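Inspection log for the structure reproduced underneath, given as C-alpha coordinates.
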Amino acid sequence: MDVWLEKPIDLEQAKKDLLSQASTLLINEKAIDAAKQMQQLQQQWKAVGNGKHVVDQNLWKQFQELGNQIFAKRRDFFDQKHHAEDEATQSAATLCNELAALTQRDDSQINQVKQTLSALKQQFNALALPEKQRQSLQKQFRDALTTVQKHIDDFPHREKLRQWNELSAL
(Lines give C-alpha, C1' and ligand atoms only; values in the text may rest on other atoms or scores of the structure.)
Protein backbone atom coordinates (compact mmCIF):
# COMPACT_ATOMS: atom_id res chain seq x y z
CA MET A 1 0.00 0.00 0.00
CA ASP A 2 2.90 2.38 0.66
CA VAL A 3 4.13 1.89 -2.93
CA TRP A 4 0.72 2.90 -4.30
CA LEU A 5 0.70 6.08 -2.18
CA GLU A 6 4.15 7.06 -3.47
CA LYS A 7 3.15 6.81 -7.13
CA PRO A 8 1.08 10.07 -7.27
CA ILE A 9 3.96 11.93 -5.61
CA ASP A 10 6.39 10.64 -8.26
CA LEU A 11 3.97 11.59 -11.01
CA GLU A 12 3.49 15.01 -9.51
CA GLN A 13 7.25 15.56 -9.29
CA ALA A 14 7.76 14.36 -12.86
CA LYS A 15 5.14 16.82 -14.07
CA LYS A 16 6.67 19.62 -12.02
CA ASP A 17 10.01 18.83 -13.65
CA LEU A 18 8.39 19.04 -17.10
CA LEU A 19 6.76 22.31 -16.08
CA SER A 20 10.15 23.66 -15.03
CA GLN A 21 11.70 22.61 -18.34
CA ALA A 22 8.87 24.29 -20.25
CA SER A 23 9.39 27.46 -18.22
CA THR A 24 13.08 27.42 -19.12
CA LEU A 25 12.24 27.04 -22.82
CA LEU A 26 10.13 30.16 -22.72
CA ILE A 27 13.02 32.21 -21.36
CA ASN A 28 16.15 30.74 -22.92
CA GLU A 29 15.37 29.18 -26.30
CA LYS A 30 14.83 30.47 -29.81
CA ALA A 31 11.18 30.39 -30.83
CA ILE A 32 11.43 27.54 -33.33
CA ASP A 33 13.64 25.37 -31.12
CA ALA A 34 11.48 26.05 -28.08
CA ALA A 35 8.33 24.98 -29.94
CA LYS A 36 9.95 21.71 -31.06
CA GLN A 37 11.16 20.99 -27.57
CA MET A 38 7.76 21.87 -26.12
CA GLN A 39 6.17 19.27 -28.39
CA GLN A 40 8.60 16.72 -26.97
CA LEU A 41 7.73 17.80 -23.44
CA GLN A 42 4.03 17.36 -24.27
CA GLN A 43 4.73 13.78 -25.36
CA GLN A 44 6.63 13.18 -22.14
CA TRP A 45 3.72 14.66 -20.18
CA LYS A 46 1.36 12.15 -21.76
CA ALA A 47 3.78 9.32 -21.06
CA VAL A 48 4.00 10.21 -17.36
CA GLY A 49 0.32 9.37 -16.89
CA ASN A 50 -2.33 10.70 -14.54
CA GLY A 51 -1.93 11.49 -10.88
CA LYS A 52 -4.29 13.05 -8.37
CA HIS A 53 -6.99 14.80 -10.36
CA VAL A 54 -6.91 18.19 -8.63
CA VAL A 55 -3.12 18.40 -8.63
CA ASP A 56 -2.93 17.09 -12.19
CA GLN A 57 -5.42 19.65 -13.46
CA ASN A 58 -3.58 22.52 -11.79
CA LEU A 59 -0.21 21.43 -13.19
CA TRP A 60 -1.76 20.82 -16.62
CA LYS A 61 -3.20 24.34 -16.74
CA GLN A 62 0.23 25.81 -15.94
CA PHE A 63 1.93 23.55 -18.48
CA GLN A 64 -0.65 24.32 -21.14
CA GLU A 65 -0.27 28.09 -20.55
CA LEU A 66 3.49 27.83 -20.98
CA GLY A 67 2.93 25.85 -24.18
CA ASN A 68 0.56 28.50 -25.47
CA GLN A 69 3.14 31.20 -24.77
CA ILE A 70 5.91 29.22 -26.48
CA PHE A 71 3.78 28.55 -29.57
CA ALA A 72 2.67 32.19 -29.65
CA LYS A 73 6.35 33.19 -29.59
CA ARG A 74 6.98 30.92 -32.59
CA ARG A 75 3.92 32.32 -34.40
CA ASP A 76 5.17 35.88 -33.76
CA PHE A 77 8.60 34.93 -35.09
CA PHE A 78 7.10 33.65 -38.35
CA ASP A 79 4.76 36.64 -38.63
CA GLN A 80 7.73 39.00 -38.30
CA LYS A 81 9.76 36.94 -40.76
CA HIS A 82 6.96 37.01 -43.35
CA HIS A 83 6.47 40.73 -42.83
CA ALA A 84 10.20 41.38 -43.35
CA GLU A 85 10.17 39.20 -46.47
CA ASP A 86 7.16 41.08 -47.85
CA GLU A 87 8.90 44.40 -47.21
CA ALA A 88 12.10 43.19 -48.89
CA THR A 89 10.13 41.95 -51.90
CA GLN A 90 8.30 45.27 -52.18
CA SER A 91 11.55 47.20 -51.83
CA ALA A 92 13.18 45.08 -54.54
CA ALA A 93 10.28 45.72 -56.92
CA THR A 94 10.48 49.46 -56.19
CA LEU A 95 14.23 49.49 -56.82
CA CYS A 96 13.73 47.64 -60.13
CA ASN A 97 11.16 50.26 -61.18
CA GLU A 98 13.47 53.10 -60.15
CA LEU A 99 16.28 51.49 -62.11
CA ALA A 100 14.14 51.13 -65.22
CA ALA A 101 13.05 54.77 -64.91
CA LEU A 102 16.68 55.92 -65.19
CA THR A 103 16.58 55.29 -68.95
CA GLN A 104 13.90 57.96 -69.23
CA ARG A 105 16.12 60.69 -67.85
CA ASP A 106 17.50 63.36 -70.11
CA ASP A 107 21.09 62.89 -71.29
CA SER A 108 22.05 66.10 -69.51
CA GLN A 109 21.56 64.11 -66.27
CA ILE A 110 23.90 61.24 -67.21
CA ASN A 111 26.19 61.83 -64.20
CA GLN A 112 23.20 61.74 -61.87
CA VAL A 113 22.06 58.54 -63.58
CA LYS A 114 25.46 56.96 -62.86
CA GLN A 115 25.34 58.02 -59.21
CA THR A 116 21.77 56.84 -58.78
CA LEU A 117 22.66 53.54 -60.46
CA SER A 118 25.42 52.95 -57.94
CA ALA A 119 23.14 53.77 -55.01
CA LEU A 120 20.38 51.48 -56.33
CA LYS A 121 22.85 48.59 -56.67
CA GLN A 122 23.95 49.03 -53.06
CA GLN A 123 20.38 49.20 -51.80
CA PHE A 124 19.36 46.11 -53.77
CA ASN A 125 22.37 44.10 -52.60
CA ALA A 126 21.59 45.00 -48.98
CA LEU A 127 18.09 43.49 -49.16
CA ALA A 128 17.43 40.18 -47.42
CA LEU A 129 15.32 38.71 -50.20
CA PRO A 130 13.11 35.70 -49.47
CA GLU A 131 14.53 32.45 -50.81
CA LYS A 132 11.49 31.65 -52.96
CA GLN A 133 11.65 34.93 -54.88
CA ARG A 134 15.37 35.69 -54.76
CA GLN A 135 16.31 34.42 -58.22
CA SER A 136 13.34 36.05 -59.93
CA LEU A 137 13.96 39.42 -58.29
CA GLN A 138 17.69 39.26 -58.98
CA LYS A 139 17.02 38.49 -62.64
CA GLN A 140 14.54 41.36 -62.87
CA PHE A 141 17.12 43.71 -61.34
CA ARG A 142 19.96 42.44 -63.58
CA ASP A 143 17.79 42.90 -66.68
CA ALA A 144 16.95 46.47 -65.68
CA LEU A 145 20.59 47.07 -64.82
CA THR A 146 21.68 45.85 -68.27
CA THR A 147 19.19 48.20 -69.92
CA VAL A 148 20.42 51.18 -67.89
CA GLN A 149 24.06 50.31 -68.48
CA LYS A 150 23.39 50.15 -72.24
CA HIS A 151 21.69 53.56 -71.96
CA ILE A 152 24.80 54.95 -70.25
CA ASP A 153 27.18 53.27 -72.72
CA ASP A 154 25.21 54.70 -75.67
CA PHE A 155 25.43 58.23 -74.29
CA PRO A 156 28.56 59.23 -76.29
CA HIS A 157 26.85 58.13 -79.51
CA ARG A 158 23.71 60.04 -78.67
CA GLU A 159 25.82 63.09 -77.76
CA LYS A 160 27.66 62.99 -81.11
CA LEU A 161 24.35 62.62 -82.94
CA ARG A 162 22.96 65.59 -81.03
CA GLN A 163 26.00 67.69 -81.94
CA TRP A 164 25.73 66.70 -85.62
CA ASN A 165 22.05 67.64 -85.58
CA GLU A 166 22.91 71.03 -84.08
CA LEU A 167 25.60 71.63 -86.72
CA SER A 168 23.38 70.61 -89.57
CA ALA A 169 20.64 72.91 -88.28
CA LEU A 170 22.96 75.90 -88.74
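Six or more apart or on different chains, Cβ under 7 Å: which pairs go from a residue in the stretch 152-165 that's modelled with pLDDT of 80 or more to one that's of a type in the set (Val, Ile, Thr) and open to solvent by less than 90 Å² (accessible area, probe 1.4 Å)? Could you list them? Listed pairs, sorted by first residue: 152/110; 152/113; 155/110. Just one of (1) in contact with a helix residue (DSSP H, G or I) (Cβ under 9 Å, 6 or more places away or on another chain); (2) under 19 Å from residue 87 (Cβ atoms) fails for residue 136. It is (1). Answer yes or no: is there a residue in the stretch 72-81 that is open to solvent by less than 50 Å² (accessible area, probe 1.4 Å), within 34 Å of the chain's Cα centre (by Cα) and either closer than 30 Å to residue 159 by Cα or not charged (D, E, K, R) (or both). Among the residues of the stretch 72-81, at least one is open to solvent by less than 50 Å² (accessible area, probe 1.4 Å), within 34 Å of the chain's Cα centre (by Cα) and either closer than 30 Å to residue 159 by Cα or not charged (D, E, K, R) (or both), which makes the answer yes. Could you tell me whether the stretch 125-133 includes any residue that is open to solvent by 70 Å² or more (accessible area, probe 1.4 Å), among the acidic types (Asp, Glu) and under 18 Å from the mean Cα position of the chain (by Cα)? Yes: the stretch 125-133 contains one or more residues that are open to solvent by 70 Å² or more (accessible area, probe 1.4 Å), among the acidic types (Asp, Glu) and under 18 Å from the mean Cα position of the chain (by Cα).
Residues in the stretch 101-122 that are touching an Asp or Glu at 6+ places or on another chain (Cβ under 9 Å) and over 17 Å from residue 155 (Cβ atoms): 120 alone. Of the candidates 43, 62, the single residue that is of a type outside the set (Val, Ile, Thr), open to solvent by less than 100 Å² (accessible area, probe 1.4 Å), modelled with pLDDT of 95 or more and over 30 Å from residue 131 (Cα atoms) is 62. For the stretch 145-159, indicate whether the set of residues that are farther than 16 Å from residue 98 by Cα, more than 30 Å from the chain's Cα centre (by Cα), of a type in the set (A, V, I, L, M, F, W, C) and surrounded by 11 or more Cβ atoms within 10 Å (Cβ to Cβ) is non-empty. Yes.
Could we say that residue 140 is in contact (Cβ under 8 Å) with a residue 40 or more places away in the chain, under 29 Å from the mean Cα position of the chain (by Cα), open to solvent by 40 Å² or more (accessible area, probe 1.4 Å) and farther than 30 Å from residue 22 by Cα here? So residue 140 passes the test. You will find that of 88, 101, 92, the residue that is loosely packed, with under 15 Cβ neighbours inside 10 Å and either aromatic (Phe, Trp, Tyr) or over 30 Å from residue 25 (Cα atoms) (or both) is 101 and no other.
The values are calculated or read from the model by the stated rules, or taken from the named source; none is laboratory data. Quick caveat, the model's predicted, so the values are computed rather than measured. Heads up, the Cβs are rebuilt from the backbone with ideal geometry, glycines too, and the neighbour counts pull from every protein chain shown. Note: accessible area is taken over every heavy atom of the protein model, side chains too, but ligands, DNA and RNA are not part of it. Shrake-Rupley method; radii C 1.70, N 1.55, O 1.52, S 1.80 Å.
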